[in-house]
1. In the stretch 180-239, what residues are assigned to a strand (DSSP E or B), buried (at least 22 other Cβ atoms within 10 Å of the Cβ) and touching a Pro at 6+ places or on another chain (Cβ under 6 Å)?
2. If you go through the stretch 13-39, how many residues are within 21 Å of the chain's Cα centre (by Cα) and either among the acidic types (Asp, Glu) or within 16 Å of the ligand (Cβ to nearest atom) (or both)?
3. Only residues that are of a type in the set (Val, Ile, Thr) and at pLDDT below 95: list them for the stretch 295-327, please.
4. With respect to Arg157, determine if the residue is within 16 Å of the ligand (Cβ to nearest atom), among the charged types (D, E, K, R) and in contact (Cβ under 8 Å) with a residue 40 or more places away in the chain.
5. Where residues in the stretch 249-264 are modelled with pLDDT of 75 or more and among the aliphatic types (A, V, I, L, M), which of them is surrounded by the fewest Cβ atoms within 10 Å (Cβ to Cβ)?
6. So if I check each of Ser93, Ser149, Ser62, which one is crowded, with 17+ Cβ neighbours inside 10 Å and in a helix (DSSP H, G or I)?
7. Would you pick out the residues in the stretch 98-109 that are at pLDDT 85 or above and either farther than 20 Å from Val24 by Cβ or within 12 Å of the ligand (Cβ to nearest atom) (or both)?
Amino acid sequence: MKITFPHMGNQYVATKVLLEELGVDLVIPPPCSKNTLNIGVKYSPESICLPLKVNMGNYIQSINRGADTIVITGSCGPCRFGYYSIIQKELLSEAGYDIDIILLDPPQGDYKTFFDNIFKLTGTKNPYKIIRALKKAVTVINAVDDLESVTYYKRPREKAKGDVDRYYDAFHRGIRTVYGCREVLQLIKTTREKILSVEEDTTEEIIKIGIIGEIYTIIEPFVNLNIEKKLGDLGVEIDKSLKVSRWLKEHLFLNPLGLTSERKTWEASEPYLKTMIGGHARETIGYAVRYAKEGFDGVIQIYPLTCMPEIVAQSILPTIEKDHNIPYLCLIMDEMTGEAGYMTRLEAFVDLLRRRKGINEGEKLLFGY
Ligand code: SF4
């Protein structure tokens, strides 16, 4: 059995560690690219959401490298993600690929099915081995998400433009050449040190933007056209409302026990959207309010065309903009999104936030409020 999985930002680093620590043979799909998307688009229905198309491209690129089994996570929520595994299996079979899919649904109290699927995936029934490997993967995803946060901080402040990306891109190339948890953690540590040592330009005025929206589009840099790099180069420090480490903690450990770390976010969303309507619409609203209260200069909502939960969230954002005095920009992504138009919108938005900040600070100086 040769396992592969779809890309979603840095998640591949932790999945690689998990499978390597369990001794599973794996194929990491090549980084998402135009070619990945073209393959996915060819084999997917036109109106399906963009993440599914990119996933299809990942699978076929991995199958061509010898993979025969796909492992994916599922969702029990009321949006299309819940059907991904079934649709993808059918699409792959129509395309002539007879491949096994192992679905790791969040346990939701049913740890037996969850562990049965893990046993199938790992080929071992030794729970200690599995739990040890899971623990290592969680440590890695926390470390790699923390590394990414360091890039969000440093990129807009670096004196020599491009230093952070030079180290960060080298990290992603290096990950494919190291093996197991210890080597991966060592690479994360040295990359973190290098990025932290990048010299800062203290004269740069930093704008802060919170990124909200659909989880895959927020996290996968190919799909969001590398929003963190583009904004970093414009002197913007970002925070992403959703991260793989947070998702994992929430769905794997807290939710099955009836707990959540998102209570504050849901409370913030409550006056506008009380219930879970699928995807992360409630988090989009809750984080927009939280970012406003935390003094961020603006928020950007990003989601794939036809994403139902985010369309609902978008209809609420103008009210939040008014109630909490925070500008927002909405970016909708699909395979036709052009980089030039996208960049113009980002530049215009950042320009607006900079002027607004300048006016607000001028007023504070003049009138003392
Ligand atoms: S959250 Fe949106 S993009 Fe993601 S699967 Fe659901 S409908 Fe599709």
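1. The one that is assigned to a strand (DSSP E or B), buried (at least 22 other Cβ atoms within 10 Å of the Cβ) and touching a Pro at 6+ places or on another chain (Cβ under 6 Å): Val236.
2. 2
3. Taking the stretch 295-327 as the starting set, the residues that turn out to be of a type in the set (Val, Ile, Thr) are 299-300, 302, 306, 311-312, 316, 319-320, 326.
Listed by number, the list holds a single entry, Thr306.
4. Taking the combined requirement at face value, the residue does not satisfy it.
5. Leu259
6. Working: Ser93 fails: crowded, with 17+ Cβ neighbours inside 10 Å; Ser149 fails: crowded, with 17+ Cβ neighbours inside 10 Å.
Only one candidate passes the filter, namely Ser62.
7. Within the stretch 98-109, Asp98 is the sole residue that qualifies.
Yes/no per residue for (1) at negative phi; (2) of a type in the set (A, V, I, L, M); (3) out of contact with any His (no Cβ under 7 Å at 6 or more places or on another chain):
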| site | (1), (2), (3) |
| --- | --- |
| Glu183 | yes, no, yes |
| Gln186 | yes, no, yes |
| Lys189 | yes, no, yes |
| Lys229 | yes, no, yes |
| Asp233 | yes, no, yes |
| Trp247 | yes, no, yes |
| Leu252 | yes, yes, yes |
| Gly258 | no, no, yes |
| Lys264 | yes, no, yes |
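The values are calculated or read from the model by the stated rules, or taken from the named source; none is laboratory data. Worth saying up front: this structure is predicted, and the values here are computed from it rather than measured. Glycine also receives a Cβ, built like all others from the backbone with ideal geometry; neighbour counts cover every protein chain displayed.
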